[in-house]
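Below: one structure, written as structure tokens.
The values are calculated or read from the model by the stated rules, or taken from the named source; none is laboratory data. Quantities reported herein were computed from a predicted structural model and do not represent experimental measurements. Cβ placement follows ideal geometry from the backbone for every residue including glycine, while neighbour counts extend to all protein chains displayed.
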Ligand SMILES: [Zn+2]
């Protein structure tokens, strides 16, 4: 378990690994740069656990569909429900 897998140059979503930042108790922390230009240090397990941006991705997908996928089925359902419940005005 002491072997360090070099992630330098790898991409995780928007994050590009610049190099090893630190090693603590056999947990590696990696210096990454997001496509938006922000740099941060992130734990290896977070990279594999689904971290795909410095946090900007979440903010963007919440505020619009610019980078996001189409709305999830649940969101669509909710929109449908809202339509159903809104009283007709005409
Ligand atoms: Zn970012």
**Item:** All positions within the range 29-46 that are outside any strand (DSSP E or B) and farther than 17 Å from residue 58 by Cα
**Value:** 44, 45
**Asked** Among all residue pairs at least 6 apart or on different chains, which show Cβ distances below 7 Å where the first residue, located in the range 1-27, is at positive phi and modelled with pLDDT of 95 or more and the second is part of a strand (DSSP E or B) and within 16 Å of the ligand (Cβ to nearest atom)?
**Response** 9/17; 19/31
**Prompt:** When residues of the range 29-39 are filtered for being touching a strand residue (DSSP E or B) at 6+ places or on another chain (Cβ under 6 Å) and within 16 Å of the ligand (Cβ to nearest atom), how many remain?
**Reply:** 6
**Request:** Quickly run through the range 6-28 and pick out the residues that are under 20 Å from residue 57 (Cβ atoms) and either more than 10 Å from the ligand (Cβ to nearest atom) or in contact with a strand residue (DSSP E or B) (Cβ under 7 Å, 6 or more places away or on another chain) (or both).
**Result:** 7, 10, 11, 12, 14, 15, 16, 17, 18
**Asked** Just to be sure, is residue 60 at pLDDT below 95, over 15 Å from residue 10 (Cβ atoms) and exposed (fewer than 10 other Cβ atoms within 10 Å of the Cβ)?
**Response** no
